[in-house]
Amino acid sequence: LPSGIIIKGIGGFYYVETPQGLFECKARGIFRKNGMTPLPGDRVEIAVTDYENKKGSITEIGKRDSVLTRPAVANVDQVVIVIAVKSPRPDFLLLDKLLIAALMQNIKPIICVNKIDLDEDMEYKAITEAYSKTGYKIIPACSKTKLGYKELDQELTGKVTVFAGQSGVGKSTILNRLMDRSIMKTGELSEKIDRGKHTTRHAELIKLEQGGYVADTPGFSSFELKELPYRELECYYPDFQDFLGSCRFTGCSHVTEPGCEVRRAVEQGYIDSGRYNRYVHIYGLLKAEDENRYK
Ligand SMILES: Nc1nc2c(ncn2[C@@H]2O[C@H](COP(=O)(O)OP(=O)(O)OP(=O)(O)O)[C@@H](O)[C@H]2O)c(=O)[nH]1
Ligand SMILES: [Mg+2]
Ligand SMILES: [Zn+2]
C-alpha cells in the first residue's frame, strides 16, 4: 500500500501525492460513517485500484497534528500571516486573532510585513517594535525588490505552510513569485487537476522543489475565534508570559483588577499598548460569547 499526502480534495476525489506519483482517490465509505472527512494535508494510505490511470482509494488516514479550519487543511506546520504596511491599512485585530488561532492549533506563526516599498510612515519599524516581545519571526517583504523572498523560501523548506491575512495584502503575489523560481511544475499535476476549475474555496497544497508544501488562502474580512475560553486568552500572548502569575489577584483578567502586573508592564513599556488594548477587546468578545451561551 503506497502512502502519501492529500494535496487537494474536490468533487469527492482526493489527489494523493505518493513516491509513485499522483493518484486520484476516492475515500472509502467508512470515513463518512466516522464523520471524518479527509483533508488536504492528511497523511494517508491508499489501495491502488488502477495503476495505469493512477487511481486508488484511501484506506487509512493518519493521526492529525493540527487542523486549520479556514481553510480546512490538516497537519499545517506554520502559517505566514501577511500584513501590508499600507493599502490595505493593517488590521492588527485580525493579525492578533490569527496569531492566537495558530497557537491554539500548535501551528507556528510567522509575520510577513509586505509592501515595504510603500512604507513612508515607518510602519515596519512600529510593527517590529510592537511584536518584538512576542518572539515571532517577522519578515519584511516587497514584490518590487524581492526583499524577503529568500528568507521566506528558507522558512518554507520542508514544511507545510499556509499563507493567511487580509484581502489585498499580497499573499498570492508572494506565492506566485516564489513559485516562479521554486515550485515544481509537474505536467502530471496540472493534467490531473484542471486549473481552469480551480476555486480558492478549496485549499490546495502546492509542492515546493526544495521540499514542503504551501497553500494560498482567500483573504479574511473578519475572523472569529471559536472555542477559546476567555480565561485562557492570556496563554496565547507570549509577550505577557513574564508578567502572568504575579498579579495581586489569582485569576486576574488583566482588565480591571487593581495590582495587575500585566497592566503595569504596559504602563512601563514592556508590553505594547496596542497589543494590550486588543487583548482587552478580544477578552470582552469572548466573555460576552460565553455569557450568551449560558443564558
Ligand atoms: N506596492 C506593492 N504592491 C504589492 C506588493 N505585493 C502585492 N502588491 C499588490 O497588491 C495587490 C493585491 O495583491 P494580491 O497578491 O492579490 O493580494 P492577496 O493577499 O492575495 O489578496 P486576496 O487574494 O484578496 O486575499 C495587487 O495589486 C498586487 O500587485 C508589494 O510588495 N508592493
Ligand atoms: Mg490572493
Ligand atoms: Zn493581571
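Quick notes on this one:
- The ranking of 89, 275, 28 from fewest to most other beta carbons within 10 Å of each one's beta carbon is 89, 28, 275.
- Look at 179, 36, 122 and count the other Cβ atoms within 10 Å of each Cβ; fewest to most, that gives 122, 36, 179.
- Entries in 54/207; 171/226; 86/133; 115/150; 108/137 that, when Cα-Cα distance is taken, lie over 21 Å: 171/226; 86/133
- Residue among 13, 135, 222 farthest towards the positive dipole end of the chain, charges placed on Cβ: 13
- Using bins of 10 Å that start at zero, the share of Cα-Cα pairs per bin across region 1-152 amounts to 10, 31, 23, 19, 14, 2, in whole %.
- Inter-part distance, region 143-160 to region 223-267, computed on C-alpha centroids, equals 34 Å.
- Among the chymotrypsin sites (Phe, Trp or Tyr not before Pro) in region 2-53, those located in a DSSP loop and surrounded by at most 11 other Cβ atoms within 10 Å of their own Cβ are 51.
- Using a Förster distance of 41 Å, the FRET efficiency for residue 151-residue 268 (Cβ separation, nearest 0.05): 0.80
- Kirkwood Rh and Cα Rg combined as Rg/Rh, the chain: 1.02
- Three principal axis extents describe the C-alpha atoms of region 47-106; from largest down they are 52, 25, 14 Å.
- Potential lengthening between residue 105 and residue 53 on full extension [0.36 nm per residue; Cα-Cα distance subtracted]: 15.0 nm
- Cα centre as origin, Lys/Arg/Asp/Glu Cβ charges: the chain dipole, Debye: 600 debye
- Residue order, fewest to most surrounding Cβ atoms within 10 angstrom, among 260, 235: 235, 260
- Whole-number D in µm² s⁻¹ for region 68-165, Kirkwood Cα-pair radius fed into Stokes-Einstein, 25 °C, 0.890 mPa s: 178 µm²/s
- For the chain, the share of DSSP beta bridges that are antiparallel, to the nearest 5, is 50%.
All of the numbers you see were taken from the coordinates with simple rules; none came from a lab. If you're wondering where the values come from, they're calculated on a predicted model, not measured in any experiment. Note: ideal-geometry Cβ built from the backbone for every residue, glycine included; neighbour counts use all protein chains shown.
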